[in-house]
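Beneath this line is the structure, given in structure tokens, with notes to follow.
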Amino acid sequence: MSQSQQDSRQCVSCGINVAGMNAASFNCPECGTGVHRCAKCRKQSNLYECPTCNFRGP
């Protein structure tokens, strides 16, 4: 991953920049698009929505 890609990673639940944070990065189970979530949203089990296919998960 390039430096510019790391700098632009945002939590799909709340939108904060997660570069350099304790964030989860995984592929959407439906379409495989990269998804990033901040620790706070993960801990609170906030829903996320894939920006590509609109899959929703906890």
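Taking the criterion of being more than 20 Å from Ser8 (Cβ to Cβ) and among the aromatic types (Phe, Trp, Tyr), the only residue of segment 19-58 that qualifies is Phe55.
No other residue among Asn22, Asn27 is at pLDDT 95 or above and polar (S, T, N, Q) apart from Asn27. The set of residues in segment 2-15 being in a loop (DSSP other than H, G, I, E, B), surrounded by 10 or more Cβ atoms within 10 Å (Cβ to Cβ) and at pLDDT below 50 is empty. Remark: Cys53 falls outside the filter, which requires a residue to be assigned to a loop (DSSP other than H, G, I, E, B), surrounded by fewer than 16 Cβ atoms within 10 Å (Cβ to Cβ) and within 11 Å of the chain's Cα centre (by Cα). Within segment 25-41, count every residue that is more than 13 Å from Pro51 (Cβ to Cβ) and surrounded by 14 or more Cβ atoms within 10 Å (Cβ to Cβ). The qualifying residues number 3.
The values are calculated or read from the model by the stated rules, or taken from the named source; none is laboratory data. This structure is a prediction, so every number in the text was calculated from the model and none was measured. Heads up, the Cβs are rebuilt from the backbone with ideal geometry, glycines too, and the neighbour counts pull from every protein chain shown.
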